[in-house]
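Participant: I am attaching a structure below and will ask some questions about it afterwards.
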Amino acid sequence: MDDPIRWGIAATGRIAAQFATGIAGLDDGVVAAVGSRSAERAAAFAAEHGVARSHGSYADLAADPDVDVVYVASPHAFHEADTLLCLDAGKPVLCEKPLALSAAQAGRMVARARERGLFLMEAIWSRFLPAYVELRRLLGAGAVGPPRLVEADFGFRAPVDPAHRLFAPGLGGGALLDLGIYPLQLASLVLGPPTRVTAVGHLGETGVDELVTVACDHPGGAVGVAKAAIRVALPCTARISGEDGWIGLPAFMHTPLHVDVGGPDGAVERIDCPYDGVGLRFEAVEVHRCLRAGLTESPVVPLDESLSLAATMDAARAAIGLRYPGE
Ligand SMILES: NC(=O)c1ccc[n+]([C@@H]2O[C@H](COP(=O)([O-])OP(=O)(O)OC[C@H]3O[C@@H](n4cnc5c(N)ncnc54)[C@H](OP(=O)(O)O)[C@@H]3O)[C@@H](O)[C@H]2O)c1
């Protein structure tokens, strides 16, 4: 695969548009086609983003022989169906976060990708940004000693709109799945999968969680605390405390532009990790690398970790009584 990787984008919403802009900044990838539930929306998206072909269904996009990999950018409730559609058509998939509504759904997606020997990755784009690359380097170098506590939060106050995917149970609404995934993936990255999950939270008038705190035990006497909200303005920062110091991620903790490293003597070193343009392109670069190397998953967001994250969110949902239609 020396030619540019040809992307298909399934959906025409907000993040789909950002992703198309991100790919436009790469020289070894191109958005070759877009699919939508509406032929008109697909055509309009194609015109706006300079995409050669538009399809009036996700099935037609998945069947497009001139698409190498599909980016699934529909609401969470449809990630399973849309991803299986693509995998069954022989297409590798980058699927937006969270991978699915539940561990059961995520398990079926991962099993299908593995059966078919096709690439699949949950789009945890933060991990490919310069600050997260630096974070992993610092942790690997033992900069703060063994990490024992991860505290992170992500949330804002959005107007209640029962039709919006953030508030609609049928679209997988709520803070935990949409925003809580970012603090949880950070705890998982730093501390590994949890050994025990507890949660408290508040379900709002539309039936989804508007505020949630998940507290987890992790191996080695470590603890992770993740907070998310869609009706409360949170700082959107993160702190990793080790036995010999701490690392801070400023707002927004999923897209930080620097990292603070605090030592036991109170000194704080700031490490700048800037980037220009659309951050989503960094995860696309990783997908290109994996596809060209014949990998079926990325070591940076392994599928077993996505399954573990889905199980953590299942346990947190059970603790706060959050169920989606049909469950
Ligand atoms: N990485 C990030 O920073 C980030 C940011 C925002 C969102 N996301 C993730 O990306 C996904 C989409 O979020 P978004 O903000 O782009 O949502 P959005 O603006 O509401 O767009 C969702 C798109 O999904 C398609 N879709 C398919 N079935 C649908 C249905 N029944 N109802 C509504 N839309 C449907 C629609 O495209 P067609 O009508 O063309 O089919 C729609 O434009 C979510 O899973 C979210 O978690 C990630």
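Laboratory data are not the source of any read-out in this text; all were calculated from the coordinates shown. Small disclaimer: the values here were computed from a predicted structure and weren't measured. No Cβ is skipped: glycine too gets one built from the backbone with ideal geometry, and neighbour counts run over all protein chains shown.
Participant: List the extent of the Cα atoms of the range 158-199 along each of their three principal axes, largest first, rounded to whole Å.
Facilitator: Projected onto the principal axes, the Cα atoms of the range 158-199 cover 36, 16, 14 Å.
Participant: With n ≥ 4 as the cut-off for DSSP H runs, can you work out [θ] at 222 nm for the chain, using -39500 (n - 2.57) per run divided by the number of residues, rounded to the nearest 500?
Facilitator: Calculated from helices alone, the mean residue ellipticity at 222 nm is -10000 deg cm²/dmol.
Participant: Now, a different point. Using θ = phi - 60° and the Karplus curve 6.51 cos²θ - 1.76 cosθ + 1.60, what whole-Hz ³J(HN,Hα) does each residue of the range 252-263 get, with Gly and Pro shown as x?
Facilitator: Using θ = phi - 60°, the values come out as 8, 4, 8, 9, x, 10, 8, 10, 9, 10, x, x Hz.
Participant: Let me ask something else. Which residue fluctuates the most in the chain, going by a Gaussian network model with Cα springs under 10 Å, if the choices are 178, 161, 68?
Facilitator: Taking springs between Cα atoms under 10 Å, the residue moving most is 161.
Participant: Report the far tail of the P(r) of the range 1-94, meaning the percent of Cα-Cα pairs longer than 15 Å.
Facilitator: Of the Cα pairs, 52 percent sit more than 15 Å apart.
Participant: Which whole-number percent is the relative contact order of the range 247-327 (Cα, under 8 Å, 6+ apart)?
Facilitator: Once divided by the residue count of the range 247-327, the mean separation gives 14 percent.
Participant: How much net charge surrounds residue 197 when only the other residues with a Cβ under 12 Å from the Cβ of residue 197 are counted, with Lys and Arg +1 and Asp and Glu -1?
Facilitator: Local net charge: 0.
Participant: Sequence-distant or interchain residues sharing an amide H contact under 5 Å with residue 242, placed H: which?
Facilitator: Here 148, 247 satisfy the definition.
Participant: Of the residues 42, 233, 251, which exhibits the maximal mean-square fluctuation in a Gaussian network model of the chain defined by a 10 Å Cα contact cut-off?
Facilitator: 233
Participant: Remind me, relative contact order of the range 54-171 in percent, using alpha carbon pairs under 8 angstrom and six or more residues apart?
Facilitator: 20 percent
Participant: Using only the Cα atoms of the range 41-124, construct the convex hull and provide its projected area averaged over every direction, in square nanometres to one decimal.
Facilitator: Its Cα hull, projected and averaged over all orientations, spans 5.4 nm².
Participant: Efficiency by 1/(1 + (r/R0)^6): what FRET value for residue 295 and residue 265, r their Cβ-Cβ distance, R0 = 41 Å, to the nearest 0.05?
Facilitator: Given R0 = 41 Å and the Cβ-Cβ separation, E is 0.45.
Participant: While we're here: How far, in degrees from 0 to 90, does helix 14-24 lean away from the longest principal axis of the Cα atoms of the chain, to the nearest 10?
Facilitator: For helix 14-24, the angle is close to 80 degrees.
Participant: Considering only DSSP beta bridges where both residues belong to the range 155-310, give the percentage that are antiparallel (nearest 5). Working shown, then result.
Facilitator: Working: 30 of 31 bridges.
So the antiparallel bridges in the range 155-310 amount to around 95 percent.
Participant: Also: Return a whole-number percent for the relative contact order of the chain, with Cα pairs under 8 Å and 6 or more residues apart as the contact set. Let's see the in-between values first.
Facilitator: Values: 748 pairs, mean separation 58.4, N = 327.
Relative contact order of the chain: 18 percent.
Participant: Applying the Karplus parametrisation 6.51 cos²θ - 1.76 cosθ + 1.60 with θ = phi - 60° to the phi angles of the range 241-247, what ³J(HN,Hα) value in whole Hz is obtained for each residue in order, glycine and proline being reported as x?
Facilitator: Result, ordered by residue: 9, x, 5, 10, x, 9, 10 Hz.
Participant: Now for a different question. Please report, in whole Å, how far the alpha carbons of the range 174-327 spread along each principal axis, starting with the longest.
Facilitator: Computed over the range 174-327, the largest-to-smallest principal extents equal 46, 44, 34 Å.
Participant: Please give the helix 130-140 orientation as an angle from the longest Cα principal axis of the chain, in degrees from 0 to 90, rounded to the nearest 10.
Facilitator: Its long axis makes an angle of about 50 degrees.
Participant: To continue, here is another question. Given the options 249, 211, 140, identify the residue whose Cα lies farthest towards the positive end of the charge dipole of the chain (+1 on Cβ of Lys, Arg; -1 on Cβ of Asp, Glu).
Facilitator: My answer, from the dipole projection, is 211.
Participant: Among 243, 283, 80, which one shows the highest mean-square fluctuation when the chain is modelled as a Gaussian network with alpha-carbon springs under 10 Å?
Facilitator: 243
Participant: Show the residues, 5+ positions off or on another chain, whose built amide H is closer than 5 Å to the amide H of residue 97.
Facilitator: 123
Participant: While we're looking at this one, here's another question. So if I take the alpha carbon set of the chain, get Rg, then get Rh from the Kirkwood formula, what is the Rg over Rh ratio?
Facilitator: In the chain, Rg relative to Rh is 0.96.
Participant: Place a +1 charge on the Cβ of each Lys and Arg in the range 128-271 and a -1 charge on the Cβ of each Asp and Glu, then give the dipole magnitude about the Cα centre in debye, rounded to the nearest 20.
Facilitator: 180 debye
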